[in-house]
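Asker: After the structure tokens below, expect a handful of questions from me.
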Amino acid sequence: MHELSIAQSVVEIASRHAGGRRVTRIYLKVGHLRQVVPSALAFSFELVSQGTPVEAAELDLEEVPAAGMCRVCGAESRLESFPLRCAACGGLDIELTSGEELYVESLELEEHPQETGS
Amino acid sequence: MHRTAVKKVVLEGVLDANDALAQANRQKFDEAGTYVVNMMSSPGAGKTSLLEHTLERMRRKLRLGVLEGDVQTTLDADRLARFHVPLVQVNTDPGFGGECHLDANMVRSGLPELPLSEIDALIIENVGNLVCPAEFKVGEDARVMVYAITEGEDKPLKYPLMFRSADLVLVNKMDLLEHLDFDLEQFLGYLDAVNPGVGRIFTSARTGRGLDEWCSWLENRAARARAVQ
Ligand SMILES: [Zn+2]
């Protein structure tokens with residue numbers, strides 16, 4: 001289950017960037033081609049976040065559809081299934097432009113009033 | 001006490017830390033002139049048998065080493081020990097009922113026990129799993145996937161991440177072809193749909209089919225890596 005390793009890494013990244021503050025929400029981008037099962041990731045996250053600054057944070061997972069540019073005709077296609085095929089000319093020589101994302105986009109952190117406004 | 005929420009932009013890849021470690025491993029391999037194969041498969045595809053035959057055939061031509069990461073059993077390492085090649089077993093973390101893949105850090109932990117400068121080609125036997133190992137680079141030069149025809153035709157479509165990342169597919173257990181309801185053409189069609197034109201060798205550890213071809217593939221790749229060094 002790679003969701004477990006992914007969740008561990010997300011917790012690690014969020015904790016590091018939180019700098020001691022409590023994390024309330026984590027925005028995560030996941031490309032469709034990553035084969036991440038959202039429910040498995042949510043479950044794993046709950047498991048591994050316990051006892052960390054990220055505990056109780058909401059995991060906001062945004063799935064990014066796969067898309068690509070045809071190297072033959074230059075058309076952009078949304079790619080729903082394999083083979084990855086150009087919707088305009090049917091060509092198979094596609095350069096992926098999205099669908100392989102896997103990153104922590106941003107965090108929502110709780111801040112004490114005296115620390116805000118700086 | 002009143003608290004406010006602030007947003008912090010992070011933009012950090014979930015696999016960045018692993019990738020950086022993989023890069024460091026890769027540098028060590030390159031410095032030593034060691035060609036590294038990350039061998040992946042589902043459980044029971046016959047990876048260890050193929051590996052045994054590879055060691056048997058190649059040990060006088062090529063200095064091989066093995067990093068064994070299959071948690072299923074220590075039997076694999078025992079089976080390979082008789083070839084007297086440098087071999088290290090990395091025990092993947094037993095937490096949560098066993099890890100499902102090797103990551104760059106696990107591979108790194110095994111490197112001090114391998115005399116890399118005396119190894120032309122290092123084969124890393126990854127955990128038998130069709131999903132997880134694909135995400136984690138370990139510093140390899142090539143990914144070789146062992147696929148048994150007993151697994152059916154449609155696995156490439158079900159596990160595209162893994163099949164897309166392969167540089168070579170060993171289509172294994174070919175001796176069983178006549179006994180199985182397996183449509184080879186259809187399988188190859190699916191394979192090409194996911195990873196167009198990927199290299200493939202038809203193998204059987206039992207009959208020896210394809211083993212010469214696979215061994216020369218490995219030999220050529222290792223020689224090329226050495227020449228570049
Ligand atoms: Zn096109």
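The numbers here are math on the coordinates, done by the rules we state, and not lab data. Just so you know, these numbers come straight off a predicted model, no measurement behind them. Neighbour counts run over all protein chains shown; Cβ positions are idealised from the backbone, glycine included.
Asker: Of the residues A:63, A:101, A:76, which exhibits the maximal mean-square fluctuation in a Gaussian network model of chain A defined by a 10 Å Cα contact cut-off?
Answerer: In the Gaussian network model the winner is A:76.
Asker: When the dipole is taken about the Cα centre of chain A, and only Lys, Arg (+1) and Asp, Glu (-1) are charged at their Cβ, what size is it in debye, to the nearest 20?
Answerer: Value, rounded to 20: 280 debye.
Asker: A further question on this structure: Quick one: 3J(HN,Hα) in Hz for region A:73-89, Karplus 6.51/-1.76/1.60 with θ = phi - 60°, rounded, Gly and Pro as x.
Answerer: 10, x, 6, 9, 10, 7, 10, 9, 7, 8, x, 6, 10, 5, 6, 7, 10
Asker: Here is a follow-up. Along the positive direction of the dipole of region B:75-204 (beta-carbon charges: Lys, Arg +1; Asp, Glu -1; about the Cα centre), which of B:130, B:177, B:202 reaches farthest?
Answerer: Projecting each Cα onto the dipole axis, the largest value belongs to B:130.
Asker: What angle, in degrees between 0 and 90 and rounded to the nearest 10, separates the Cα long axis of helix A:38-49 from the longest principal axis of the Cα atoms of chain A?
Answerer: Its long axis makes an angle of about 30 degrees.
Asker: Could you give the nm distance between label points at residue B:192 and residue B:56, where each point is 7 Å from its Cα heading toward the beta carbon?
Answerer: In this crude label model, residue B:192 to residue B:56 measures out at 3.3 nm.
Asker: Which FRET efficiency, nearest 0.05, do residue A:42 and residue A:64 yield, Cβ-Cβ r, R0 22 Å?
Answerer: 0.80
Asker: Also, I was wondering about something else. Could you sort the peptides B:4-10, B:32-38 by per-residue average Cβ neighbour count (10 Å cutoff), highest mean leading?
Answerer: Top to bottom by mean Cβ count within 10 Å: B:32-38, B:4-10.
Asker: Taking only the Cα atoms of region B:2-227, how large is their convex hull per residue, in Å³?
Answerer: Once divided by residue count, the hull of region B:2-227 is 166 Å³.
Asker: A further question follows. Provide the gained length on full extension for the span residue B:178 to residue B:28, in nm with one decimal, where the gain is 0.36 nm per separating residue minus the Cα-Cα distance.
Answerer: This chain segment gains 49.5 nm when fully extended.
Asker: Can you give the percent of C-alpha pairs in the protein assembly as shown whose distance is more than 39 Å?
Answerer: Above the 39 Å cut-off, the protein assembly as shown has 21 percent of its Cα pairs.
Asker: Which distance in nm do the two modelled labels at residue A:16 and residue B:11 give, with both placed 7 Å along the Cα-to-Cβ direction?
Answerer: The answer from the label model is 1.7 nm.
Asker: Could you list which residues have their amide H under 5 Å from that of residue B:129, counting only those 5 or more apart in sequence or on another chain, with H placed in the peptide plane?
Answerer: Answer set, sorted by chain and number: B:41, B:42.
Asker: How big is the charge dipole of region B:111-229 about its Cα centre, in debye rounded to the nearest 20, if each Lys and Arg gets +1 on its Cβ and each Asp and Glu gets -1 on its Cβ?
Answerer: Computed about the Cα centre, the dipole is about 260 debye.
Asker: Further question on the same structure: What is the set of long-range amide H partners of residue B:172 at a cut-off below 5 Å, with H atoms built 1.01 Å from backbone N?
Answerer: Sorted by chain and number, the residues that satisfy this are B:147, B:148, B:149, B:203.
Asker: Quantify how much of the Cα-Cα distance distribution of chain A extends past 26 Å, in percent.
Answerer: Distances greater than 26 Å cover 37 percent of the Cα pairs.
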